[in-house]
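The values are calculated or read from the model by the stated rules, or taken from the named source; none is laboratory data. Not measured: the values here are computed from a predicted model. Here Cβ is always computed from backbone atoms with ideal geometry, including for glycine, and neighbour counts include all displayed protein chains. The protein model used for the area step is the full one, side chains on, heavy atoms only, and it has no ligands, DNA or RNA in it. Shrake-Rupley method; radii C 1.70, N 1.55, O 1.52, S 1.80 Å.
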Amino acid sequence: MPAMLTDVFRGHPIHLPHSHQPDFTSLRELPDSYKWTPKDDLLFAAAPSPPATGENIPLIDLDQPDAANQIGHACRTWGAFQIANHGVPLGLLQDIEFLTGSLFGLPVQRKLKAARSETGVSGYGVARIASFFNKKMWSEGFTITGSPLNDFRKLWPQLHLNYCDIVEEYEEQMKKLASKLMWLALKSLGVSEEDVEWASLNSDLNWAQAALQLNHYPVCPEPDRAMGLAAHTDSTLLTILYQNNTAGLQVSRDDLGWVTVPPVPGSLVVNVGDLFHILSNGLFKSVLHRARVNQTRARLSVAFLWGPQSDIKISPVPKLVSPVELPLYRSVTWTEYLRTKATHFNKALSMIRNHREE
Ligand SMILES: C=C1C[C@]23C[C@H]1CC[C@H]2[C@@]12CCC[C@@](C)(C(=O)O1)[C@H]2[C@@H]3C(=O)O
Ligand SMILES: O=C(O)CCC(=O)C(=O)O
Ligand SMILES: [Fe+2]
(Lines give C-alpha, C1' and ligand atoms only; values in the text may rest on other atoms or scores of the structure.)
(Ligands and ions follow the chains in the order given, each with its own letter.)
Protein backbone atom coordinates (compact mmCIF):
# COMPACT_ATOMS: atom_id res chain seq x y z
CA MET A 1 0.00 0.00 0.00
CA PRO A 2 1.57 3.32 -1.00
CA ALA A 3 1.73 6.21 1.45
CA MET A 4 -1.60 7.98 1.46
CA LEU A 5 -2.42 11.61 1.00
CA THR A 6 -3.56 11.65 4.62
CA ASP A 7 0.04 11.21 5.78
CA VAL A 8 1.70 13.63 3.44
CA PHE A 9 2.45 16.35 6.01
CA ARG A 10 3.38 14.04 8.87
CA GLY A 11 6.99 15.29 8.86
CA HIS A 12 5.99 18.86 7.96
CA PRO A 13 4.06 20.34 10.86
CA ILE A 14 2.84 23.89 10.55
CA HIS A 15 1.68 26.00 13.36
CA LEU A 16 -1.38 27.98 12.49
CA PRO A 17 -3.46 29.53 15.22
CA HIS A 18 -6.77 27.97 14.20
CA SER A 19 -8.23 28.57 17.58
CA HIS A 20 -7.71 32.29 17.18
CA GLN A 21 -10.04 32.21 14.24
CA PRO A 22 -12.41 35.11 14.85
CA ASP A 23 -16.12 34.82 14.75
CA PHE A 24 -16.28 36.68 11.42
CA THR A 25 -19.91 37.58 11.80
CA SER A 26 -19.20 39.72 14.86
CA LEU A 27 -16.56 41.91 13.20
CA ARG A 28 -17.83 45.31 12.05
CA GLU A 29 -14.42 46.56 11.03
CA LEU A 30 -11.55 44.86 9.29
CA PRO A 31 -8.81 44.20 11.88
CA ASP A 32 -5.30 45.30 10.85
CA SER A 33 -4.13 41.71 10.71
CA TYR A 34 -6.51 41.26 7.75
CA LYS A 35 -5.50 44.39 5.82
CA TRP A 36 -3.37 43.39 2.86
CA THR A 37 -1.06 45.74 1.02
CA PRO A 38 0.99 45.03 -2.12
CA LYS A 39 3.91 44.42 0.24
CA ASP A 40 2.17 41.43 1.85
CA ASP A 41 1.64 39.72 -1.45
CA LEU A 42 3.47 40.98 -4.51
CA LEU A 43 0.47 39.85 -6.51
CA PHE A 44 -2.01 41.78 -4.43
CA ALA A 45 -3.20 45.06 -5.86
CA ALA A 46 -5.24 47.11 -3.43
CA ALA A 47 -6.68 49.02 -6.37
CA PRO A 48 -9.66 47.52 -8.17
CA SER A 49 -8.84 45.29 -11.13
CA PRO A 50 -8.25 47.01 -14.48
CA PRO A 51 -11.35 47.64 -16.58
CA ALA A 52 -12.77 44.35 -17.75
CA THR A 53 -11.94 43.61 -21.37
CA GLY A 54 -14.80 41.15 -21.58
CA GLU A 55 -12.30 38.35 -22.05
CA ASN A 56 -12.99 35.40 -19.83
CA ILE A 57 -12.17 31.76 -19.43
CA PRO A 58 -14.19 29.73 -21.95
CA LEU A 59 -17.40 27.92 -21.08
CA ILE A 60 -17.19 24.54 -22.78
CA ASP A 61 -20.17 22.29 -23.51
CA LEU A 62 -18.92 18.73 -22.99
CA ASP A 63 -21.60 17.45 -25.37
CA GLN A 64 -20.01 19.33 -28.28
CA PRO A 65 -18.07 17.05 -30.66
CA ASP A 66 -15.20 19.55 -30.58
CA ALA A 67 -14.91 19.57 -26.75
CA ALA A 68 -11.42 17.97 -26.68
CA ASN A 69 -9.88 20.72 -28.81
CA GLN A 70 -11.64 23.46 -26.89
CA ILE A 71 -10.38 22.01 -23.62
CA GLY A 72 -6.86 21.68 -25.00
CA HIS A 73 -6.91 25.28 -26.19
CA ALA A 74 -8.19 26.51 -22.82
CA CYS A 75 -5.48 24.54 -20.97
CA ARG A 76 -2.77 26.12 -23.12
CA THR A 77 -4.01 29.71 -23.02
CA TRP A 78 -5.72 30.11 -19.63
CA GLY A 79 -5.09 26.96 -17.68
CA ALA A 80 -8.76 27.15 -16.71
CA PHE A 81 -12.24 26.82 -18.19
CA GLN A 82 -15.85 26.25 -17.15
CA ILE A 83 -17.89 23.25 -18.21
CA ALA A 84 -21.57 22.71 -18.92
CA ASN A 85 -23.27 19.35 -19.59
CA HIS A 86 -20.73 17.68 -17.35
CA GLY A 87 -23.14 14.95 -16.24
CA VAL A 88 -22.94 15.67 -12.50
CA PRO A 89 -26.55 15.82 -11.24
CA LEU A 90 -27.67 19.29 -10.22
CA GLY A 91 -29.18 17.81 -7.06
CA LEU A 92 -25.75 16.60 -5.98
CA LEU A 93 -24.25 20.07 -6.48
CA GLN A 94 -27.05 21.48 -4.37
CA ASP A 95 -26.43 18.83 -1.70
CA ILE A 96 -22.71 19.59 -1.44
CA GLU A 97 -23.46 23.33 -1.29
CA PHE A 98 -25.98 22.72 1.47
CA LEU A 99 -23.51 20.54 3.39
CA THR A 100 -20.81 23.21 3.07
CA GLY A 101 -23.16 25.96 4.25
CA SER A 102 -24.32 23.84 7.14
CA LEU A 103 -20.74 23.02 8.21
CA PHE A 104 -19.52 26.62 8.28
CA GLY A 105 -22.76 27.72 9.91
CA LEU A 106 -21.96 25.65 13.00
CA PRO A 107 -20.75 27.48 16.13
CA VAL A 108 -16.95 28.05 16.13
CA GLN A 109 -16.51 25.79 19.17
CA ARG A 110 -18.14 22.90 17.35
CA LYS A 111 -16.04 23.41 14.22
CA LEU A 112 -12.89 23.45 16.33
CA LYS A 113 -13.72 19.95 17.59
CA ALA A 114 -12.73 18.84 14.08
CA ALA A 115 -9.72 21.18 13.80
CA ARG A 116 -6.95 20.06 11.48
CA SER A 117 -3.89 18.90 13.44
CA GLU A 118 -0.46 20.41 12.83
CA THR A 119 0.70 17.36 10.90
CA GLY A 120 -2.62 16.43 9.35
CA VAL A 121 -4.31 17.20 6.07
CA SER A 122 -7.97 16.74 7.01
CA GLY A 123 -10.14 18.92 9.16
CA TYR A 124 -11.19 22.49 9.90
CA GLY A 125 -8.81 25.43 9.69
CA VAL A 126 -7.24 28.13 7.60
CA ALA A 127 -5.69 27.22 4.23
CA ARG A 128 -2.28 25.62 4.54
CA ILE A 129 -0.64 28.34 2.44
CA ALA A 130 -1.55 30.85 5.17
CA SER A 131 1.83 30.09 6.77
CA PHE A 132 3.59 31.92 3.91
CA PHE A 133 1.87 35.26 4.53
CA ASN A 134 2.02 37.84 7.28
CA LYS A 135 -1.58 38.85 6.87
CA LYS A 136 -4.59 36.68 7.54
CA MET A 137 -7.02 35.53 4.93
CA TRP A 138 -10.73 36.27 5.19
CA SER A 139 -11.87 32.67 4.93
CA GLU A 140 -12.19 29.35 6.69
CA GLY A 141 -11.75 25.91 5.20
CA PHE A 142 -12.40 22.26 5.76
CA THR A 143 -10.27 19.62 4.06
CA ILE A 144 -11.38 16.04 3.49
CA THR A 145 -8.99 13.20 2.62
CA GLY A 146 -10.12 9.64 3.07
CA SER A 147 -13.31 9.06 5.04
CA PRO A 148 -14.82 12.13 6.71
CA LEU A 149 -16.70 9.89 9.17
CA ASN A 150 -14.71 10.71 12.30
CA ASP A 151 -14.73 14.45 11.74
CA PHE A 152 -18.36 14.54 10.63
CA ARG A 153 -19.45 12.65 13.72
CA LYS A 154 -17.97 15.45 15.85
CA LEU A 155 -19.63 18.15 13.75
CA TRP A 156 -23.07 16.59 13.39
CA PRO A 157 -23.71 13.96 16.07
CA GLN A 158 -27.05 13.08 14.42
CA LEU A 159 -26.77 13.67 10.71
CA HIS A 160 -23.19 12.65 9.94
CA LEU A 161 -24.09 9.51 7.97
CA ASN A 162 -26.21 11.45 5.48
CA TYR A 163 -23.41 13.94 5.00
CA CYS A 164 -20.84 11.16 4.51
CA ASP A 165 -23.01 9.72 1.74
CA ILE A 166 -23.10 13.07 -0.04
CA VAL A 167 -19.30 13.40 0.11
CA GLU A 168 -18.80 9.85 -1.13
CA GLU A 169 -21.16 10.34 -4.05
CA TYR A 170 -19.64 13.72 -4.90
CA GLU A 171 -16.10 12.34 -4.92
CA GLU A 172 -17.21 9.41 -7.08
CA GLN A 173 -18.71 11.73 -9.68
CA MET A 174 -15.76 14.11 -9.59
CA LYS A 175 -13.26 11.28 -10.06
CA LYS A 176 -14.97 10.11 -13.22
CA LEU A 177 -15.27 13.64 -14.54
CA ALA A 178 -11.66 14.56 -13.78
CA SER A 179 -10.26 11.58 -15.63
CA LYS A 180 -12.55 12.23 -18.59
CA LEU A 181 -11.30 15.83 -18.73
CA MET A 182 -7.66 14.84 -18.45
CA TRP A 183 -7.89 12.40 -21.37
CA LEU A 184 -9.80 14.91 -23.47
CA ALA A 185 -7.12 17.54 -22.86
CA LEU A 186 -4.33 15.09 -23.65
CA LYS A 187 -6.14 13.88 -26.76
CA SER A 188 -5.85 17.40 -28.13
CA LEU A 189 -2.06 16.93 -27.92
CA GLY A 190 -2.22 13.55 -29.67
CA VAL A 191 -1.61 11.70 -26.40
CA SER A 192 -3.76 8.71 -25.45
CA GLU A 193 -3.89 6.37 -22.47
CA GLU A 194 -1.37 3.95 -24.03
CA ASP A 195 1.18 6.78 -24.12
CA VAL A 196 1.06 7.24 -20.36
CA GLU A 197 2.64 4.18 -18.76
CA TRP A 198 1.22 4.42 -15.22
CA ALA A 199 -2.29 4.93 -16.55
CA SER A 200 -2.21 2.01 -18.96
CA LEU A 201 -0.66 -0.28 -16.33
CA ASN A 202 -3.28 0.50 -13.69
CA SER A 203 -6.77 -0.52 -14.57
CA ASP A 204 -9.52 2.05 -14.44
CA LEU A 205 -9.02 4.84 -11.93
CA ASN A 206 -6.98 2.96 -9.36
CA TRP A 207 -4.08 5.28 -9.98
CA ALA A 208 -5.92 8.37 -8.74
CA GLN A 209 -6.66 9.91 -5.34
CA ALA A 210 -8.06 13.24 -4.21
CA ALA A 211 -8.81 15.75 -1.50
CA LEU A 212 -11.95 17.83 -1.12
CA GLN A 213 -11.52 21.41 0.09
CA LEU A 214 -14.61 23.25 1.33
CA ASN A 215 -14.16 27.03 1.51
CA HIS A 216 -16.21 29.76 3.17
CA TYR A 217 -15.64 33.47 2.56
CA PRO A 218 -17.85 35.38 4.98
CA VAL A 219 -19.27 38.81 4.26
CA CYS A 220 -16.43 41.30 4.76
CA PRO A 221 -16.62 44.90 6.02
CA GLU A 222 -13.74 46.12 3.79
CA PRO A 223 -13.43 43.72 0.86
CA ASP A 224 -10.99 45.87 -1.15
CA ARG A 225 -8.34 45.54 1.54
CA ALA A 226 -8.98 41.91 2.41
CA MET A 227 -7.92 38.67 0.74
CA GLY A 228 -10.08 35.55 0.73
CA LEU A 229 -7.45 33.11 -0.46
CA ALA A 230 -4.07 34.42 -1.60
CA ALA A 231 -2.76 33.77 -5.10
CA HIS A 232 -1.55 30.23 -5.62
CA THR A 233 -1.44 27.40 -8.09
CA ASP A 234 -2.86 24.00 -7.12
CA SER A 235 -0.45 21.08 -6.68
CA THR A 236 -2.82 18.83 -8.62
CA LEU A 237 -3.28 17.29 -12.02
CA LEU A 238 -6.68 18.98 -12.26
CA THR A 239 -8.94 20.80 -9.82
CA ILE A 240 -12.70 20.92 -10.31
CA LEU A 241 -14.36 23.76 -8.46
CA TYR A 242 -17.97 24.32 -7.62
CA GLN A 243 -18.80 27.89 -6.56
CA ASN A 244 -22.13 29.13 -5.28
CA ASN A 245 -23.62 32.03 -7.19
CA THR A 246 -21.36 34.64 -5.64
CA ALA A 247 -18.35 35.84 -7.66
CA GLY A 248 -14.88 35.86 -6.08
CA LEU A 249 -12.61 33.48 -7.96
CA GLN A 250 -10.05 35.26 -10.13
CA VAL A 251 -7.52 33.77 -12.51
CA SER A 252 -4.39 35.50 -13.69
CA ARG A 253 -3.39 36.08 -17.29
CA ASP A 254 -0.03 37.67 -18.04
CA ASP A 255 -1.58 40.00 -20.59
CA LEU A 256 -4.87 40.77 -18.81
CA GLY A 257 -4.14 40.70 -15.09
CA TRP A 258 -6.76 39.30 -12.72
CA VAL A 259 -9.92 38.13 -14.44
CA THR A 260 -13.03 37.28 -12.39
CA VAL A 261 -14.66 33.97 -13.22
CA PRO A 262 -18.40 34.68 -13.22
CA PRO A 263 -20.55 32.01 -11.58
CA VAL A 264 -22.64 30.19 -14.19
CA PRO A 265 -25.43 28.23 -12.46
CA GLY A 266 -24.95 24.48 -12.79
CA SER A 267 -21.48 24.72 -14.33
CA LEU A 268 -18.12 23.77 -12.85
CA VAL A 269 -14.74 25.51 -13.05
CA VAL A 270 -11.76 23.38 -14.01
CA ASN A 271 -8.16 24.41 -13.54
CA VAL A 272 -4.84 22.94 -14.53
CA GLY A 273 -2.57 22.15 -11.59
CA ASP A 274 1.22 21.95 -11.35
CA LEU A 275 1.35 18.19 -12.02
CA PHE A 276 -0.58 18.51 -15.28
CA HIS A 277 1.79 21.29 -16.30
CA ILE A 278 4.67 18.87 -15.69
CA LEU A 279 2.94 15.97 -17.46
CA SER A 280 2.27 18.14 -20.52
CA ASN A 281 5.90 19.26 -20.52
CA GLY A 282 4.89 22.85 -19.89
CA LEU A 283 2.23 23.02 -22.63
CA PHE A 284 -0.66 23.33 -20.20
CA LYS A 285 -0.59 26.32 -17.91
CA SER A 286 -0.86 25.82 -14.18
CA VAL A 287 -3.04 28.82 -13.53
CA LEU A 288 -2.40 31.28 -10.75
CA HIS A 289 -5.69 32.01 -9.00
CA ARG A 290 -7.07 33.59 -5.85
CA ALA A 291 -10.38 34.36 -4.16
CA ARG A 292 -11.60 37.85 -3.32
CA VAL A 293 -14.41 38.61 -0.89
CA ASN A 294 -17.34 40.99 -0.86
CA GLN A 295 -19.44 43.11 1.42
CA THR A 296 -22.91 41.72 0.90
CA ARG A 297 -22.81 38.02 0.17
CA ALA A 298 -21.08 35.09 1.77
CA ARG A 299 -19.34 32.87 -0.74
CA LEU A 300 -18.92 29.10 -0.69
CA SER A 301 -16.73 26.94 -2.90
CA VAL A 302 -15.87 23.26 -3.07
CA ALA A 303 -12.58 22.28 -4.69
CA PHE A 304 -11.96 18.70 -5.78
CA LEU A 305 -8.16 18.44 -5.80
CA TRP A 306 -7.22 15.49 -7.99
CA GLY A 307 -3.90 13.77 -8.43
CA PRO A 308 -2.15 10.42 -8.85
CA GLN A 309 -1.62 7.75 -6.18
CA SER A 310 1.40 8.44 -4.04
CA ASP A 311 3.67 5.84 -5.67
CA ILE A 312 3.22 7.15 -9.21
CA LYS A 313 6.00 9.21 -10.71
CA ILE A 314 4.81 12.07 -12.84
CA SER A 315 7.11 13.30 -15.59
CA PRO A 316 6.62 14.83 -19.04
CA VAL A 317 4.81 12.38 -21.38
CA PRO A 318 7.53 10.79 -23.61
CA LYS A 319 5.50 11.59 -26.72
CA LEU A 320 5.81 15.31 -25.95
CA VAL A 321 9.56 15.12 -25.51
CA SER A 322 12.14 15.10 -28.32
CA PRO A 323 15.74 16.20 -28.90
CA VAL A 324 14.28 19.63 -29.58
CA GLU A 325 11.61 19.62 -26.90
CA LEU A 326 13.65 18.45 -23.92
CA PRO A 327 11.86 17.34 -20.75
CA LEU A 328 11.40 20.53 -18.74
CA TYR A 329 10.89 18.74 -15.42
CA ARG A 330 12.29 15.76 -13.60
CA SER A 331 9.91 13.14 -12.29
CA VAL A 332 8.12 13.61 -8.98
CA THR A 333 5.39 11.87 -6.99
CA TRP A 334 2.39 13.78 -5.66
CA THR A 335 3.61 13.26 -2.12
CA GLU A 336 7.08 14.62 -2.92
CA TYR A 337 5.55 17.55 -4.70
CA LEU A 338 3.14 18.43 -1.89
CA ARG A 339 6.02 18.38 0.58
CA THR A 340 8.11 20.61 -1.67
CA LYS A 341 5.15 22.96 -1.94
CA ALA A 342 4.65 22.87 1.84
CA THR A 343 8.20 24.15 2.34
CA HIS A 344 8.81 26.32 -0.72
CA PHE A 345 5.30 27.35 -1.81
CA ASN A 346 5.39 29.06 -5.19
CA LYS A 347 9.00 28.13 -5.86
CA ALA A 348 8.12 24.42 -5.85
CA LEU A 349 7.70 24.11 -9.61
CA SER A 350 10.98 25.81 -10.42
CA MET A 351 12.74 23.52 -7.94
CA ILE A 352 11.99 20.45 -9.99
CA ARG A 353 12.69 22.11 -13.33
CA ASN A 354 15.59 20.73 -15.33
CA HIS A 355 18.23 23.32 -15.98
CA ARG A 356 20.17 22.82 -19.17
CA GLU A 357 23.91 23.11 -19.02
CA GLU A 358 24.82 25.95 -21.34
C1 LIG B 1 -3.97 17.73 -1.78
C2 LIG B 1 -3.68 18.92 -1.31
C3 LIG B 1 -3.61 20.15 -2.16
C4 LIG B 1 -3.56 21.27 -1.13
C5 LIG B 1 -2.73 20.63 -0.05
C6 LIG B 1 -3.40 19.25 0.12
C7 LIG B 1 -4.76 19.44 0.85
C8 LIG B 1 -5.33 20.86 0.71
C9 LIG B 1 -5.01 21.56 -0.61
C10 LIG B 1 -5.11 23.09 -0.55
C11 LIG B 1 -6.54 23.65 -0.75
C12 LIG B 1 -6.50 25.20 -0.69
C13 LIG B 1 -5.36 25.80 -1.53
C14 LIG B 1 -4.03 25.03 -1.26
C15 LIG B 1 -2.87 25.72 -1.97
C16 LIG B 1 -3.85 24.85 0.24
O17 LIG B 1 -3.29 25.60 0.99
O18 LIG B 1 -4.48 23.66 0.61
C19 LIG B 1 -4.23 23.58 -1.68
C20 LIG B 1 -3.02 22.63 -1.61
C21 LIG B 1 -2.24 22.58 -2.92
O22 LIG B 1 -2.82 22.46 -3.99
O23 LIG B 1 -1.00 22.68 -2.84
O1 LIG C 1 -12.80 29.63 -3.59
C2 LIG C 1 -12.29 29.64 -4.70
O3 LIG C 1 -12.87 30.09 -5.68
C4 LIG C 1 -10.89 29.12 -4.90
C5 LIG C 1 -10.56 27.95 -4.02
C6 LIG C 1 -9.21 27.39 -4.32
O7 LIG C 1 -8.46 27.92 -5.11
C8 LIG C 1 -8.76 26.15 -3.64
O9 LIG C 1 -9.48 25.64 -2.75
O10 LIG C 1 -7.69 25.65 -4.03
FE1 LIG D 1 -6.79 26.64 -5.66
Query raised in the report: Once you treat every alpha carbon in segment 289-330 as an equal point and sum by Debye, what is log10 I(q)/I(0) at q = 0.22, 0.28, 0.32, 0.34 Å⁻¹?
Result: -0.86, -1.04, -1.13, -1.18
**Report entry** Cα centre as origin, Lys/Arg/Asp/Glu Cβ charges: the chain dipole, Debye
**Finding:** 1000
Query - Zero-based 5 Å bins, Cα pair distances in segment 128-216, whole percents - result: 2, 10, 16, 16, 13, 13, 13, 9, 5, 1, 0
Report summary line: From highest to lowest solvent-accessible area (probe 1.4 Å; ligands, DNA and RNA excluded), Glu140, Glu169, Glu97 read Glu169, Glu97, Glu140
Query raised in the report: Can you tell me the Rg and the Dmax, both Å, for the Cα atoms in segment 65-175?
Result: 17.1, 51
Query raised in the report: Rounded, prolate or oblate: which one fits the chain, using the alpha carbon gyration tensor with axes a ≥ b ≥ c (rounded when a/c is under 1.5, else prolate when a/b beats b/c, else oblate)?
Result: rounded
Report summary line: Rounded to the nearest 10 Å², the accessible area of Phe142 using a 1.4 Å probe with every protein chain kept is 0
**Report entry** Cα-derived Rg over Rh, computed across segment 289-358 with Rh taken as Kirkwood radius
**Finding:** 1.13
Query raised in the report: For the chain, which DSSP H helices look membrane-span-like by this rule: Cα extent along the axis of 20 Å or more and mean Kyte-Doolittle of at least 1.0?
Result: 90-104
**Report entry** Accessible area in the full protein assembly, largest first, 1.4 Å probe, for Arg356, Arg76
**Finding:** Arg356, Arg76
Query - Protection proxy ranking of 61-74, 276-289 - average other beta-carbon atoms within 10 Å, highest first - result: 276-289, 61-74
**Report entry** For the chain, calculated [θ]222 nm from helices alone, where every DSSP H run of n ≥ 4 adds -39500 (n - 2.57)
**Finding:** -7500 deg cm²/dmol
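How large is the convex hull of the Cα atoms of segment 168-248 per residue, expressed in Å³ as a whole number?
Values: hull volume 10.9 nm³, N = 81.
Expressed per residue, the convex hull around the Cα atoms of segment 168-248 is 134 Å³.
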Query raised in the report: When the convex hull of the C-alpha atoms of segment 209-330 is computed, what volume per residue in Å³ does it have?
Result: 121
Report task. Starting from the residue with the highest accessible area, list Met4, Met182 in decreasing order, probe 1.4 Å. Result -> Met4, Met182
Query raised in the report: Can you give the accessible area of Asp165, probe radius 1.4 Å, in Å² rounded to 10?
Result: 100
Report summary line: For segment 221-279 the translational diffusion coefficient, Stokes-Einstein from a Kirkwood Rh over Cα pairs at 25 °C and viscosity 0.890 mPa s, in µm²/s, is roughly 187
Query - Proximal lysines relative to Lys111, as straight alpha-carbon distance under 29 Å, when same-chain residues fewer than 8 apart are discounted - result: Lys35, Lys135, Lys136, Lys154, Lys175, Lys341
